[in-house]
1. With ILE36, ILE12 as the choices, which residue is closer than 27 Å to ALA150 by Cα and buried (at least 20 other Cβ atoms within 10 Å of the Cβ)?
2. Modelled with pLDDT under 90 and crowded, with 21+ Cβ neighbours inside 10 Å: which single residue out of ALA121, ALA92, ALA103 fits that description?
3. Could you check, for region 54-70, whether at least one of its residues is of a type in the set (A, V, I, L, M), touching a Lys or Arg at 6+ places or on another chain (Cβ under 9 Å) and surrounded by fewer than 20 Cβ atoms within 10 Å (Cβ to Cβ)?
4. Across region 184-214, which residue is farthest from ARG151 (Cα to Cα) among those that are surrounded by 14 or more Cβ atoms within 10 Å (Cβ to Cβ), more than 22 Å from the chain's Cα centre (by Cα) and not hydrophobic (A, V, I, L, M, F, W, C)?
5. Of the conditions (1) surrounded by fewer than 21 Cβ atoms within 10 Å (Cβ to Cβ); (2) touching a Pro at 6+ places or on another chain (Cβ under 9 Å), VAL30 satisfies every one except a single condition; which number is it?
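The values are calculated or read from the model by the stated rules, or taken from the named source; none is laboratory data. Computed from a prediction, not measured in an experiment: that's the story for all the values here. Quick reminder, even Gly has a Cβ in these numbers, built from the backbone with ideal geometry, and neighbours come from all protein chains shown.
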Amino acid sequence: MDHARSLTTALIVDDHPLFCDALAMTLKAVAGLRRIETAGCLDSALQRLEAGPLPDVVVLDLNLPDVNGLDGLIRLRQALREVPVLVVSSLADNRMIAACLQAGAAGFVAKSARREAFCAAFDALRLGEVYLPEGYVGAAADTQQEAAIARLGLLTRQQTRILQLICEGKLNKQIAFELTIAETTVKAHVTAIMRKLGVQSRTQAVLIAGEASFSNLLPEG
C-alpha cells in the first residue's frame, strides 16, 4: 500500500465493562486511538453502526450474550463494508482463529496477549494486512465448515437475523411480530435464505448455521 490507513476511532463490542475499560486504555496508549465507544452486545453494536458514523475499526469479543458462534462476526462484517474487525477473544484455539479469518476478521488477538500484540495488530491493520497471533500455525481445513461460513456470508443483515430466529425455533408469525414486518415478507426471506444456503428445508438451514456455532468450532473437551 502507498499509505497507511488512518485508525483513530474504534468500537469495542464486549459484555464485560471492566475489560472494555482496560482495553480502551491499552488501545489509546499503544495504538494511537483517540475516541473509543463500547457496546455490550451485538444488537446494541449494530444499532450504533446503523446510526453512524462508522468507526475506523471494530474490536469484537466472540462470546456475547446474544451470539452463539460466528454469526456475530458475520453480521458485523455485513454492516461494516470496508471497516476492519479485530477479534479479541479468550477462545484462542487454532481452529477458532482459522474460522474467524474465514468469516472475514482482519486479525485475532488473544485476551491474554501482551500490549505489544495489540500494537502489532494495529500496525498490520493500518497497512491493510491481516494480523495473525504469534504461534498460530493454521488449522486443518474443515471444508464443510468453510462452505457453511461462506454461504452464511451471502445473507443480508435481515436474512441473517431471521435465520437466527429460525434457529431459536420461532415460526414465521412470531418472526414477523418480533421484526415488525409482514408474515409474507418473512416467507420471502426464508425462501431466499434457503436458496442462498443451498438447502430445501428450515431444518437444513439450522444445520448450516450450526456449523458456525461455538460447539462446532471449539475442540472437544
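1. ILE12
2. Exactly one residue qualifies, and that residue is ALA103.
3. yes
4. It comes out as THR185.
5. Exception for VAL30: condition (2).
Yes/no matrix, rows are residues, columns are (1) among the hydroxyl-bearing types (Ser, Thr, Tyr); (2) part of a strand (DSSP E or B); (3) in contact (Cβ under 8 Å) with a residue 40 or more places away in the chain:
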position	(1), (2), (3)
LEU11	no, yes, yes
LEU23	no, no, yes
THR26	yes, no, yes
ILE36	no, yes, no
SER44	yes, no, no
GLN47	no, no, no
GLU50	no, no, no
PRO55	no, no, yes
ILE74	no, no, yes
